[in-house]
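For reference, the structure discussed in these notes is given below.
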Amino acid sequence: MIIQILPEQCIACGLCHTYNPIFDYDVDGLVRFDAGVTELDLAPDASLVQAAKECPTRAIVVKEY
């Protein structure tokens, strides 16, 4: 699955990190990945899908193959 973050839509609520620690935050509290990229290709993971569903601003996008 492809997971993409949209930091410009993030309101720094921190909810995504409660679902999966892959989500980190920059100095302003906005979502980011450790690698500094905005898109990752990962094995399917229900916690990532749930984080995307629960994000109040839709700053996380999941694209499943």
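The values are calculated or read from the model by the stated rules, or taken from the named source; none is laboratory data. The structure presented is a predicted model; accordingly, all values stated were derived computationally and were not measured. Cβ: placed from backbone, ideal geometry, glycine included. Neighbour counts: every protein chain shown. Note: accessible area is taken over every heavy atom of the protein model, side chains too, but ligands, DNA and RNA are not part of it. Shrake-Rupley method; radii C 1.70, N 1.55, O 1.52, S 1.80 Å.
If the condition is being hydrophobic (A, V, I, L, M, F, W, C), more than 15 Å from ALA59 (Cα to Cα) and open to solvent by 60 Å² or more (accessible area, probe 1.4 Å), then the range 1-43 contributes VAL27, ALA35, ALA43. Restricting the range 46-65 to residues that are modelled with pLDDT under 95 and part of a loop (DSSP other than H, G, I, E, B), the residue that is surrounded by the most Cβ atoms within 10 Å (Cβ to Cβ) is GLU64. Any chance the range 11-21 includes a residue that's out of contact with any strand residue (DSSP E or B) (no Cβ under 6 Å at 6 or more places or on another chain) and among the hydroxyl-bearing types (Ser, Thr, Tyr)? So far as the range 11-21 goes, yes, one or more of its residues are out of contact with any strand residue (DSSP E or B) (no Cβ under 6 Å at 6 or more places or on another chain) and among the hydroxyl-bearing types (Ser, Thr, Tyr). Does ASP28 satisfy the criteria of being of a type in the set (D, E, K, R) and in a strand (DSSP E or B)? In short, no. For beta carbons closer than 7 Å, sequence separation of 6+ or different chains, a first residue in the range 15-39 that is within 15 Å of ALA52 (Cβ to Cβ) and a second that is surrounded by 12 or more Cβ atoms within 10 Å (Cβ to Cβ) and polar (S, T, N, Q), the qualifying pairs are TYR19/SER47; TYR19/GLN50; ASN20/SER47; THR38/GLN4; GLU39/GLN4.
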